[in-house]
Amino acid sequence: MEVKVELPLRLARVVGARSLNVKVENGTSVRDVLSSALSKEAYCMVVNGGGVAPGMLVLLNERDVRVLEGLNTKVNDGDVVTVLSVTHGG
């Protein structure tokens, strides 16, 4: 099966693409998809310890993975994993 990964410009510069199609097996988690799609440097920017790094959002089909099963959420064929960099302040 295949999952699409969409990246913000900051990560795209590290990885070399704004979106990637990743072939995965049944039962693959969002964490595994990110590990397969991203370089080690980019992966460490997105994943911190057991969860999503501060300042980042990971969406599965436009839903925040934190309201699902976190990075352990299983993906299906045709799913879209979107990584967003959250910048805010005042």
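The values are calculated or read from the model by the stated rules, or taken from the named source; none is laboratory data. As the structure is a prediction and not an experimental result, all values here were calculated from the model. Heads up, the Cβs are rebuilt from the backbone with ideal geometry, glycines too, and the neighbour counts pull from every protein chain shown.
Sub-7 Å Cβ pairs linking a first residue in region 1-12 that is farther than 12 Å from residue 85 by Cα and buried (at least 23 other Cβ atoms within 10 Å of the Cβ) to a second residue that is modelled with pLDDT of 90 or more and among the charged types (D, E, K, R), at least 6 apart or interchain, are 3/79, ordered by first then second residue.
Selection of region 43-90 for residues being within 10 Å of the chain's Cα centre (by Cα) and either within 14 Å of residue 10 (Cα to Cα) or surrounded by fewer than 15 Cβ atoms within 10 Å (Cβ to Cβ) (or both) yields 43, 46, 56, 57, 80, 82, 83, 84.
Total residues in region 15-35 satisfying the condition of being surrounded by fewer than 17 Cβ atoms within 10 Å (Cβ to Cβ) and over 10 Å from the mean Cα position of the chain (by Cα): the figure is 9. How about region 5-16: which of its residues are modelled with pLDDT of 95 or more and either farther than 16 Å from residue 65 by Cβ or of a type in the set (D, E, K, R) (or both)? If the condition is that a residue be modelled with pLDDT of 95 or more and either farther than 16 Å from residue 65 by Cβ or of a type in the set (D, E, K, R) (or both), then 6 is the only one that fits.
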